[in-house]
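Trainee: Below you will find the structure I want to go over with you.
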Amino acid sequence: MIILGVDPGTLITGYGVIEEKNGRFKVLDVDVVQNRSDHTMPARLKAIYVALCKVIDRYHPDEFAIETAFYGKNAQSAMKLGHARGVSILAAVNHEIPTAEYSPREVKRAVVGTGAASKDQVSYMVQSILNLKSPPKYYDATDALAVALCHYQKSVKTQGAKRTSGQQKQPVQSWKSYVQAHPEKLVRPR
């Protein structure tokens, strides 16, 4: 299972690609897309989209996970973050990769054990869990790896426990296909 985690931002977007086999993790790639502040917003968004498409084409992730927007006091910042999230999700959707979103508190809780963890605590735990010799240069890249680990904890691991061996997880395409795949979940009137 290959998971692409993204920590979006218009100046720095972190991404991390992890592969899980038999409960062991391997980091395939971790880096940032760094934009210059004097570039226009459309140019920054294009750079994020193009870079993530290249990562997707190189590693063919099975799952895509992204951090949700943090809504602080500055509405303008939240809107810009929304743009970065949008093009990141678009890259995954255009490659037909199932996507998931997690709040910053969910990510911290999954990796560190508390939703109020600091960036240093997240970095330390990511480095420990993934057996990295040194942490990534940017917290954005560390956070992207944390998002991928959170996705594994929240989705892939729990789904794997529910499946019987030999079954492959299939993304839900529609309500009809879900009902056909899970007839045992239907409640029939008596």
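All of the numbers you see were taken from the coordinates with simple rules; none came from a lab. None of the values given here were measured: they were computed from a predicted structure. FYI the Cβ positions are ideal-geometry reconstructions off the backbone, even for glycines, and counts take in every protein chain you see.
Trainee: If all Cα-Cα distances of the stretch 11-56 are sorted into 10 Å bins from 0 onward, what percent lands in each bin, rounded to whole numbers?
Mentor: Result, from short to long distances: 25, 42, 21, 9, 2 percent.
Trainee: Put a dot 7 Å past each Cα toward the Cβ at residue 114 and residue 34; how far apart are the dots in nm?
Mentor: Output for this residue pair reads 3.2 nm.
Trainee: A further question follows. May I ask you to derive the FRET efficiency for residue 1 and residue 41 from their Cβ-Cβ distance with R0 = 30 Å, giving the value to the nearest 0.05?
Mentor: 0.30
Trainee: For residue 29, enumerate residues with amide H under 5 Å from its amide H, sequence gap 5+ or separate chain, H modeled in the peptide plane.
Mentor: Excluding prolines and chain starts, which carry no amide H, the hits are 17.
Trainee: Pop a pseudo-label 7 angstrom from the Cα along the beta-carbon direction at both residue 124 and residue 54 and give the gap in nm to one decimal.
Mentor: Label at residue 124, label at residue 54, 3.5 nm between them.
Trainee: Oh, and also: Please report the projected area of the stretch 2-164's Cα convex hull averaged over all directions, in nm².
Mentor: For the stretch 2-164, the mean projected area of the Cα convex hull comes to 9.6 nm².
Trainee: So what does the Cα-only Debye profile of the stretch 45-108 read at q = 0.12, 0.15, 0.17 Å⁻¹, as log10 I(q)/I(0), no solvent term?
Mentor: -0.32, -0.49, -0.62
Trainee: Additional query: So what's Rg/Rh here for the stretch 84-129, counting alpha carbon atoms and using the Kirkwood radius for Rh?
Mentor: 1.11
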